[in-house]
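Values in this text are rule-based calculations from the coordinates and carry no lab data. Here the structure is a predicted model, which is why all the values come from computation and not from measurement. Note: ideal-geometry Cβ built from the backbone for every residue, glycine included; neighbour counts use all protein chains shown.
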Amino acid sequence: MQNDQTGHGFDHILRVVKNASYILEHESQPADPMITLTAAYLHDIADDKLVADPQQSEQQLQQFLTKIGFSAEQNKQILLITHNMSFSKSLEKPISLPFCGQIVQDADRLDAIGAIGIVRAVYYGGAHQETIYDPAIAPRSEFSKAEYRDLTHETIINHFYEKLLKLAKMMNTATAKQLAHQRQQFMLNFLAEFQTEWQGKK
Ligand code: ADP
Ligand code: NI
């Protein structure tokens, strides 16, 4: 994560871990903190948009977990979460995650919205040579994972309509839903202000 230039650096990981611990503390349903926080720390290690060979990265992850003393069962639980929690995965093969996984998914999604979410989207868009905005390109409403990853006609502003504004409603836990509310409002205000300035209104 150290050399990441797309908004998935170690600072992202630390925020996701913090979000996950906050959710763990505030949910009445219990979840195993060791599984939840380990999955939060390692959730991007084998992500197919970040590493060249995700399968190999998953194998290394399993070997690492075994080496530091995780059981085969814990290993399986962590891998199930990290393998299935991403937004792009849900476009391809949605599965229902165990509660620990739902927490990590919410924690990751919280870091994709609000002020941090805006900066990360702009940073990612810059790293991938996306256009900032083009009113002639409408946001896509339905897409496969391959189409989602095809950035030929993607704009940074459209990414808000295609993904980021949908996340608040997709949160699993009541705690994350509550946190998402203010962040959603902040993005909506940002987009309204962006339009005002783009159109040259004063
Ligand atoms: P996941 O890891 O859940 O599949 P994504 O790969 O969709 O999530 O995105 C992770 C983060 O990267 C997003 O929250 C956003 O900040 C950024 N991102 C992904 N795709 C785009 C895009 N087309 N334009 C701008 N930012 C993007
Ligand atoms: Ni992440």
How large is log10 I(q)/I(0) at q = 0.08, 0.09, 0.13, 0.15 Å⁻¹ when the Debye formula is applied to the Cα atoms of the chain, each weighted equally and without solvent?
-0.28, -0.36, -0.73, -0.97
Efficiency of FRET between residue 145 and residue 5 - r from beta-carbon atoms, R0 25 angstrom, step 0.05:
0.65
Using a simple spin-label model with points 7 Å from Cα along the Cα→Cβ vector, what separation in nm is obtained for residue 89 and residue 32?
1.6 nm
Surface/4 of the Cα convex hull for the range 75-193, nm²
7.8 nm²
State, in angstrom, two size descriptors of the range 59-133 derived from its alpha carbons: Rg to one decimal place and Dmax to the nearest whole number.
15.8, 48
Here the gain from full extension of residue 14 to residue 193, 0.36 nm per residue of separation minus their alpha-carbon distance, amounts to 61.4 nm
³J(HN,Hα), Karplus 6.51/-1.76/1.60, whole Hz, each residue of the range 85-99, x for Gly, Pro
7, 6, 4, 5, 5, 5, 6, 9, 8, x, 10, 8, 7, x, 4
With an 8 Å cut-off on Cα pairs and a minimum separation of 6 or more residues, tell me the relative contact order of the range 1-90 in percent.
24 percent
Full extension from residue 166 to residue 74: what is 0.36 nm times the residue separation minus their Cα-Cα distance, to one decimal in nm?
30.0 nm
Could you point to the residue in 138, 98, 124 farthest towards the positive end of the range 84-167's charge dipole, with +1 and -1 charges on the Cβ of Lys/Arg and Asp/Glu respectively?
98
Mean residue ellipticity at 222 nm from the helices of the chain, using -39,500 (n - 2.57) per DSSP H segment of n ≥ 4 over the full residue count, to the nearest 500 deg cm²/dmol?
-19500 deg cm²/dmol
Residue 128 to residue 64: FRET efficiency via 1/(1 + (r/R0)^6), r the Cβ-Cβ distance, R0 25 Å, to the nearest 0.05?
0.30
Nearest-20 debye value, the chain charge dipole, Cβ charges on Lys, Arg, Asp, Glu:
400 debye
With all distinct Cα pairs included, what does the Kirkwood hydrodynamic radius of the range 1-84 come out to in Å, to one decimal, could you say?
13.5 Å
Whole-Hz ³J(HN,Hα) for each residue in the range 173-190, computed from phi via Karplus 6.51 cos²θ - 1.76 cosθ + 1.60 with θ = phi - 60°, x for glycine and proline: what do you get?
9, 4, 4, 5, 4, 5, 5, 5, 4, 5, 5, 5, 4, 4, 5, 5, 5, 4
